[in-house]
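Comments concern the structure below.
The values are calculated or read from the model by the stated rules, or taken from the named source; none is laboratory data. In this text, all values refer to a predicted model and were calculated from it rather than measured experimentally. Cβ atoms come from the backbone with ideal geometry, glycine included; neighbour counts cover every protein chain shown. Keep in mind that these areas ignore ligands, DNA and RNA; they rest on the heavy atoms of the full protein, side chains included. Shrake-Rupley method; radii C 1.70, N 1.55, O 1.52, S 1.80 Å.
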Amino acid sequence: MTKPKSFTAWLKSQADRESGIGDLARDVANDPGWPSRRGRSGQLAYLEECGAIPAAIEMFEEAWVRYEAYRATLGDA
């Protein structure tokens, strides 16, 4: 069984997409303060603390849904 990427690693792999998730991925890749190890709730709190616009929060939530689907394909859900 292949070990899944972390959410942050998976998200950064989406940086070439021309979509809201791609935009979020590029922002995360360029943010040295991104809390990679704080998990979903910590990362959401970070976005809110930074004053992220509602569309960015929505893309973050959508990215988590897609990340969980990715993990499910690896049998790690």
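Based on DSSP H segments of at least four residues, each scored -39500 (n - 2.57), the chain has a per-residue ellipticity at 222 nm of -19000 deg cm²/dmol.
In plain terms, the chain from residue 71 to residue 19 could stretch by 16.6 nm, reckoned as 0.36 nm per residue minus the Cα-Cα distance.
From the coordinates of this entry, Kirkwood radius over Cα pairs in Å is computed, and it appears in (i) 14.8; (ii) 12.7; (iii) 13.9 under the label (ii). Using DSSP to define loop residues, name the GluC sites (Glu not before Pro) in the chain whose beta-carbon has at most 13 other beta-carbon atoms within 10 Å. For GluC sites (Glu not before Pro) across the chain that sit outside H, G, I, E and B with at most 13 neighbouring Cβ atoms in 10 Å, the list reads 18. Taking each residue as 0.36 nm, the span from residue 64 to residue 26 lengthens on full extension beyond its C-alpha to C-alpha distance by 12.1 nm. Taking the 1.4 Å solvent-accessible surface of segment 27-77 as the whole, the part contributed by carbon and sulfur is 53%. Treating the angle as unsigned and between 0 and 90°, give the value, to the nearest 10°, between the Cα long axis of helix 39-49 and the longest Cα principal axis of the chain. Rounded to the nearest ten degrees, it is 10. The value of relative contact order for the chain, using C-alpha pairs under 8 Å at least six residues apart, is 36 percent.
For the chain, a crude dipole built from +1 on the beta carbon of Lys and Arg and -1 on the beta carbon of Asp and Glu, taken about the Cα centre, is about 460 debye to the nearest 20. In the chain, the longest principal axis of the Cα atoms and the axis of helix 54-73 are about 10 degrees apart. Heavy atoms of the protein chains alone define the surface here; on that basis the chain has 63 Å² accessible area per residue at 1.4 Å probe size.
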